[in-house]
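The values are calculated or read from the model by the stated rules, or taken from the named source; none is laboratory data. What you are looking at is a predicted structure, and each value in this text was computed from that prediction instead of being measured. Note that each Cβ is placed from the backbone with ideal geometry, even for glycine, and that neighbours are counted across all protein chains shown.
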């Protein structure tokens, strides 16, 4: 389906979720991370002394955020925008392809618990890295696959993991994931943070996002936090 139709569907589903949540029992939502907010946007946490930071883009950030926050050693996963030129973009601008940014997730993790290589493998399982400028029904460069690296070592690791997974035939076809030096990450609106967790009833979440999240759990059960297996 055309990109703009899906943007409309996602926006409509979001408005519907607000109405349903007002009538739902507030005790049914169990927050698994606390993301600060300012002026309607998430606030990036300051990395702790034992934390490293990684940034990935792989389709709609609703699924990618949930796919990565469920991993042991991942302390925070923030949805946002990266890879473009516009300063402080918003969702409508990114969806309208006016910014060059991709929907992205920034991960704050403990490398003593989970390695960058393990994060990469989960990232590649959480989306289809052989699809160019799209992920399933979501079409456009804002849904492109990107692994942002912060050092030459990370770049080498990305290249090595991609080559290995291609040889192992995890997907049909070759990877089209871009490898870009990290520049800046802009957090998305608070309404997009932990969207998956707060809207498990959402048809888009059920049909598009959940299979990606479950794929990660099935591939790496030893890496999943116990509370996400309940």
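Note on segment 95-121: residues that are in contact with a strand residue (DSSP E or B) (Cβ under 6 Å, 6 or more places away or on another chain), under 19 Å from residue 177 (Cα atoms) and not in a loop (DSSP other than H, G, I, E, B) amount to 6.
Restricting attention to segment 71-89, the residues that are assigned to a loop (DSSP other than H, G, I, E, B), out of contact with any strand residue (DSSP E or B) (no Cβ under 6 Å at 6 or more places or on another chain) and surrounded by 15 or more Cβ atoms within 10 Å (Cβ to Cβ) total 2. Taken together, the residues in segment 122-145 that are touching a helix residue (DSSP H, G or I) at 6+ places or on another chain (Cβ under 8 Å) and outside any helix (DSSP H, G or I) amount to 11.
Scanning segment 90-120 for residues that are buried (at least 19 other Cβ atoms within 10 Å of the Cβ) and farther than 22 Å from residue 33 by Cα gives 94, 95, 99, 101, 102. Only one of the listed residues (135, 70, 106) is under 19 Å from residue 158 (Cα atoms) and within 16 Å of the chain's Cα centre (by Cα). That residue is 106.
Conditions (1) at pLDDT 95 or above; (2) in a loop (DSSP other than H, G, I, E, B); (3) more than 18 Å from residue 108 (Cα to Cα), marked per residue:
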| residue | (1), (2), (3) |
| --- | --- |
| 172 | no, yes, yes |
| 176 | yes, yes, yes |
| 179 | yes, no, yes |
| 183 | yes, yes, no |
| 191 | yes, no, yes |
| 208 | yes, no, yes |
| 211 | yes, no, yes |
| 214 | yes, no, yes |
| 222 | yes, no, yes |
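Apart from one condition, residue 229 fits all of (1) in contact with a helix residue (DSSP H, G or I) (Cβ under 8 Å, 6 or more places away or on another chain); (2) in contact (Cβ under 8 Å) with a residue 24 or more places away in the chain; (3) under 18 Å from residue 68 (Cα atoms); the exception is (2). Selection over segment 127-143 of residues that are surrounded by 21 or more Cβ atoms within 10 Å (Cβ to Cβ) and either free of Cβ contacts under 8 Å to residues at least 40 places away in the same chain or in contact with a strand residue (DSSP E or B) (Cβ under 6 Å, 6 or more places away or on another chain) (or both) gives a count of 4.
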